[in-house]
Structures are given as C-alpha cells and as structure tokens.
Amino acid sequence: MKADTAYSLEADEVVTIKLHVLPQDRQTFDFGFITPDNTFHFTSGSEGSIKTNIQIEDTGKYYFAVRNNL
C-alpha cells in the first residue's frame, strides 16, 4: 500500500520509522519508501514493534509504503 501524500526529502536526510504491528501472528511485511524513480527501498519486519533509520540518497518526493507478505 502506497501513501497518498508524498514527503519532500533532502539528500543525506535520515528518516526514522517506528511501527507496532497487531495482531502479532507471525506476519511478515516490507516497509520503506518509494523513490522518485519509483523504486521501493524497504526493510523487512515481522510481529511486534520495529524501528529503522533510512538515509535518503537523492533529494525529491518520497512515498511511504507497506507490503504485506502473506
């Protein structure tokens, strides 16, 4: 699922993403940003709370996205 709103981010900016997943039933998913060139850069996660930092490579508009891996 891709967010409707883009974030304007600068090169070398670091974005922190914190997620809490419920229910905790061994789901796996990918989350991160879709870049201006439409590439999905993601971190994989599973049940519980997850925190990651993503460093932005290029200035532009980025969309937060989550992919469920059922």
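To keep it simple, each residue is scored yes or no on (1) in contact with a Lys or Arg (Cβ under 7 Å, 6 or more places away or on another chain); (2) assigned to a strand (DSSP E or B).
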| position | (1), (2) |
| --- | --- |
| Val15 | no, yes |
| Lys18 | yes, yes |
| Phe33 | no, yes |
| Pro36 | yes, no |
| Ser44 | no, yes |
| Asn53 | no, yes |
| Asp58 | no, no |
Pair list, Cβ under 6 Å, 6 or more apart: the stretch 48-70 residue within 13 Å of Ala3 (Cβ to Cβ), other residue open to solvent by 90 Å² or more (accessible area, probe 1.4 Å): Tyr62/Tyr7; Tyr63/Lys2; Ala65/Lys2; Val66/Met1
So which residues in the stretch 1-59 are acidic (Asp, Glu) and closer than 14 Å to Asn69 by Cβ, if there are any at all? Asp25, Asp30, Glu47
More than 14 Å from the chain's Cα centre (by Cα) and free of Cβ contacts under 8 Å to residues at least 24 places away in the same chain: is that true of Asp12 in this structure? no
Residues (open to solvent by 80 Å² or more (accessible area, probe 1.4 Å) and either in contact (Cβ under 8 Å) with a residue 60 or more places away in the chain or charged (D, E, K, R) (or both)) located in the stretch 17-46: Lys18, Asp25, Arg26, Asp37
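The values are calculated or read from the model by the stated rules, or taken from the named source; none is laboratory data. A quick note: this is a predicted structure, and the numbers were derived from the prediction, not measured. In this analysis, Cβ positions are derived from the backbone assuming ideal geometry, glycine residues included, and neighbour counts consider all displayed protein chains. Accessible surface is based on the protein model in full, side chains and every heavy atom, while ligands, DNA and RNA are left aside. Shrake-Rupley method; radii C 1.70, N 1.55, O 1.52, S 1.80 Å.
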